[in-house]
1. Within the stretch 124-137, is even one residue at pLDDT below 90, touching a strand residue (DSSP E or B) at 6+ places or on another chain (Cβ under 7 Å), more than 28 Å from Ala67 (Cα to Cα) and not basic (Lys, Arg)?
2. Can you find, within the stretch 139-164, the residue that is nearest to Met117 (Cα to Cα) among those that are buried (at least 22 other Cβ atoms within 10 Å of the Cβ) and among the charged types (D, E, K, R)?
3. Please list, ordered by first then second residue, the pairs with beta carbon atoms under 7 Å, 6 or more apart or interchain, first in the stretch 9-27 and under 17 Å from Val107 (Cα atoms), second aromatic (Phe, Trp, Tyr) and not in a loop (DSSP other than H, G, I, E, B).
4. Can you find, within the stretch 1-23, the residue that is modelled with the lowest pLDDT among those that are open to solvent by 10 Å² or more (accessible area, probe 1.4 Å) and under 21 Å from Gly113 (Cα atoms)?
5. Within the stretch 30-40, is there a residue that is open to solvent by less than 20 Å² (accessible area, probe 1.4 Å), at pLDDT 95 or above and among the hydroxyl-bearing types (Ser, Thr, Tyr)?
6. Suppose we keep only residues that are not in a loop (DSSP other than H, G, I, E, B) and not hydrophobic (A, V, I, L, M, F, W, C) within the stretch 89-111. Which one would you say is farthest from Val3 (Cα to Cα)?
7. Among residues belonging to the stretch 68-88 that are small (Gly, Ala, Ser) and open to solvent by less than 20 Å² (accessible area, probe 1.4 Å), point out the one that is nearest to Leu5 (Cα to Cα).
8. What is the one condition in (1) within 28 Å of Pro109 (Cα to Cα); (2) under 15 Å from the mean Cα position of the chain (by Cα); (3) of a type outside the set (S, T, N, Q); (4) surrounded by fewer than 21 Cβ atoms within 10 Å (Cβ to Cβ) that Cys65 does not satisfy?
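The values are calculated or read from the model by the stated rules, or taken from the named source; none is laboratory data. Given the structure is predicted, the values throughout are model-derived calculations rather than measurements. Quick reminder, even Gly has a Cβ in these numbers, built from the backbone with ideal geometry, and neighbours come from all protein chains shown. Accessible surface is based on the protein model in full, side chains and every heavy atom, while ligands, DNA and RNA are left aside. Shrake-Rupley method; radii C 1.70, N 1.55, O 1.52, S 1.80 Å.
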Amino acid sequence: MRVGLVIPAFNEEEALPLVLAELPREGLDRIVVVDNGSTDGTAAAARAAGVEVVHEPRRGYGQACLAGIAALGRESATGKAPLGDDDVIAFLDADHSDYPEDFPLVVEPILRGRAEMVIGSRVLGGADMRALLPQAWFGNRLACFLMRVLFGARYTDLGPFRALRVDALRALEMADTNFGWTVEMQLKARTHRLTVEEVPVRYRKRIGRSKITGTLTGTLRAGWKILGWILYWRIRLLTRPAGNPTSR
């Protein structure tokens, strides 16, 4: 299997070089940094580290992830081949809150054939409210609780550090362009009965202020989107014809 990595980045000029410097490159075929409309030197920092840069001016975490997926689905400017169905796409934030050194742990279950999707769980890795803001901690725990009660999905985290087989990701037909990306993926993975494994990953306080939970407006919008996805998907599953999996 070949492995590609998508790193969405919005104004992460300070943190991104650290992430790329600490990222193990062995076994990693392509790295795409998606500059999501940054107004600082994020793109220049990525180019200086020798990785692919994709510009996505439409703001939104999910929008950036979709742009990165599209980039890995075509040949790179340096002639690197697109990823195929049997390959792996991983996602890592650019804010230095995750430990890039844990990357092999996240992709290993897929490479060994044990899983189609892997979630890096900050909860299993011991993260607490010293690393996650209280509103992020509470929202994360509430979302996982609701997914367990309403869907029987035993997730411990909505952590953004994750990986999937390309064919599994395509089957999910991801659509959310902002705060609901992670929960949409996990709900659809449950619906499609993907083999999902959680692995413990380390977590620390990010560099700079969070663009989502660092503001009241961002927190409210993210909470509304995440809870909205959970409730919408519960209604969708109750009203769909029996035995007919749905994505959108």
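1. There is at least one residue in the stretch 124-137 that is at pLDDT below 90, touching a strand residue (DSSP E or B) at 6+ places or on another chain (Cβ under 7 Å), more than 28 Å from Ala67 (Cα to Cα) and not basic (Lys, Arg).
2. By that ranking, first place goes to Arg162.
3. Here the result reads Leu23/Phe103; Pro24/Phe103, each pair linking the stretch 9-27 to a residue that is aromatic (Phe, Trp, Tyr) and not in a loop (DSSP other than H, G, I, E, B).
4. Checking each candidate, the answer is Met1.
5. No; the residues of the stretch 30-40 include none that is open to solvent by less than 20 Å² (accessible area, probe 1.4 Å), at pLDDT 95 or above and among the hydroxyl-bearing types (Ser, Thr, Tyr).
6. The residue in question is Asp98.
7. Only one residue fits best here, namely Gly68.
8. Cys65 satisfies all of (1) within 28 Å of Pro109 (Cα to Cα); (2) under 15 Å from the mean Cα position of the chain (by Cα); (3) of a type outside the set (S, T, N, Q); (4) surrounded by fewer than 21 Cβ atoms within 10 Å (Cβ to Cβ) except (4).
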